[in-house]
1. Only one residue in GLY141, GLY220 is within 16 Å of the ligand (Cβ to nearest atom), assigned to a loop (DSSP other than H, G, I, E, B) and touching a residue at least 40 places away in the same chain (Cβ under 8 Å). Which one?
2. Here's a check for you: in the range 268-322, which residue that is touching an Asp or Glu at 6+ places or on another chain (Cβ under 9 Å) and within 16 Å of the ligand (Cβ to nearest atom) is nearest to ASN65 (Cα to Cα)?
3. Run down LEU455, LEU405, LEU418, LEU444 and say which single residue is within 26 Å of HIS170 (Cβ to Cβ) and touching a helix residue (DSSP H, G or I) at 6+ places or on another chain (Cβ under 7 Å).
4. For the range 168-180, check the following and say yes or no: at least one residue is within 12 Å of the ligand (Cβ to nearest atom) and assigned to a strand (DSSP E or B).
5. Give me the helices (runs of 4 or more DSSP H) completely within the range 366-483, filtered to those with at least 2 residues that are within 20 Å of GLY76 (Cα to Cα), ordered by residue number.
6. Answer yes if at least one residue in the range 421-436 is more than 27 Å from ASN352 (Cα to Cα) and basic (Lys, Arg), and no otherwise.
7. Being of a type outside the set (S, T, N, Q) and either more than 16 Å from the ligand (Cβ to nearest atom) or touching a Ser or Thr at 6+ places or on another chain (Cβ under 7 Å) (or both): is that true of PRO74 here?
8. Filtering the range 144-167 down to residues that are in a helix (DSSP H, G or I) and within 16 Å of the ligand (Cβ to nearest atom), which residue is farthest from the chain's Cα centre (by Cα)?
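The values are calculated or read from the model by the stated rules, or taken from the named source; none is laboratory data. Not measured: the values here are computed from a predicted model. Note that we place each Cβ from the backbone using ideal geometry, even for glycine, and neighbour counts take in every protein chain shown.
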Amino acid sequence: MRNHIATKLIFELSRSGRKGVALPQSDVPEQPVIDPQFLATEALALPELAEPDVIRHFTNLSTLNMSVDTHFYPLGSCTMKYNPKRNERVAAMPGFAEIHPLQPDDTVQGMLRLLYELQSMLAEISGLPCVSLQPAAGAHGELAALMVAAKHFRKQGANRTKVLAPDSAHGTNPASARMAGFSFVTVKSNEDGMVDLADLQSKLDDEIAVFMITNPNTLGLFDAQVRQIAESVHAKGGLIYLDGANMNAILGVTRPGDFGADMMHFNPHKTFSGPHGGGGPGAGPICVTEELGPYLPIPRVTESDGVYVLDVAQPDTIGKVRSFFGNVGVLVRAYCYILSHGPEGLKRVAENAVLNANYLLSKVKHILDVPHGDRCMHEFVASAEKLKQKKDMKQPAMDIAKRLLDFGFHPPTVYFPLTVHEGMMMEPTETESKETLDAFAERLFHITEESAELLSEAPHSTIISRPNEVAAARQPVMKWSEE
Ligand SMILES: *Cc1c(COP(=O)(O)O)cnc(C)c1O
């Protein structure tokens, strides 16, 4: 049933003179506090409502969205795991939430110690010793690390202009390469979904700066050639960047620094359970080799004799990439998550994420094709391509995704990576039960049996069914109307 309260704008609910607070009459003469020339001359056009109206409006709005707290959310590549509430309580502690970024270091020793220890933990997990917590998202980490690489080559006096990545890479890889001033070259994947070594070899020359690899890759496959790839790239004087978005599959099992990476980012909002979706805030800490450490963004947290400082005395740094110290709220949650699991626990996270994905894969492969699907890491990519013919559907992956919404399942990632036609990328994560995975697979099966016509008009139960997604992102219409 459509919820009219939640679909009106708060401006439409406004009634002139209605207030959320009732202050007593002042019993002292009014004194101007602000010079009148700085005061607005007209009242602002703000909505006027009583407190319960405001609370109902926003509470109802909040129920229209899907979240990890309300629904299964197998959005591949995004690691939508449950966010433990313990992390929220810790991040909200006044000593973390209410400190000011300009406070002197000696008044924020607790926060600095936490960040220092988080740097050490990420160094340990990645196998790369030098860490910057500054970047504000994975994509921002990619950019910062590529700037580090650019500076490293400039220092060497080397003219290296190219960044390479496979065709299965996330769109942020080429975007970061271009923003950091490199040209971008795509390397083909082979039939098995791995890097095509012959194609890579043919594109390696003295101009290569960085090869970016996501491992396990976006098909959910671990590319066991990675060490060989690293040797080839290093032999040409290039660096290996590991896109760490899929670290949930290999935490505590293997380390990028051990399989040849020189630089990487973490996505704490994915791997370490920070809440995400809806635009942030996230974080994108980067870890690099000893050799690249001097170029990292400032400030970094250093320690001597038990005193922690925000160190800006790094002459070769690329400078600041984020105001103050990055999105520390997400970093506090990551610290709490890592500490509460411990080394053995993190390894179990990865093992269970892989186990859950393989369980779901074993069910889904009887419903849809799964092109590289004997086994997977933490996610896999099914293809709805066959339904195009079988049911005369134009965009079966999109239609199935939309129909899932009617049954309380957030859809998988669709049409990514670009190498799989009608791709549906499923990542259940380790925090889901067998019952949830069974229910999802069963629903998916029933949906593929439904008529093409019904599917093409799904979802049928949501307030808005099929917005023009490009227009909705670029020119959002924030007003709802009956028509
Ligand atoms: C999520 C993701 C990114 C980008 O990370 P953000 O934190 O969203 O900026 C990069 N690569 C892959 C493979 C991803 O899944």
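1. Details: GLY141 fails: assigned to a loop (DSSP other than H, G, I, E, B).
After applying the criteria, what remains is GLY220.
2. Ranking the qualifying residues of the range 268-322, first place goes to PRO275.
3. It is LEU444.
4. Checked against the condition, which is being within 12 Å of the ligand (Cβ to nearest atom) and assigned to a strand (DSSP E or B), the range 168-180 yields no hits at all.
5. Hits in the range 366-483: 396-405, 434-448.
6. Scanning the range 421-436, I find no residue that is more than 27 Å from ASN352 (Cα to Cα) and basic (Lys, Arg), so the answer is no.
7. On the way: of a type outside the set (S, T, N, Q): yes; either more than 16 Å from the ligand (Cβ to nearest atom) or touching a Ser or Thr at 6+ places or on another chain (Cβ under 7 Å) (or both): no.
The answer is no for PRO74.
8. MET147
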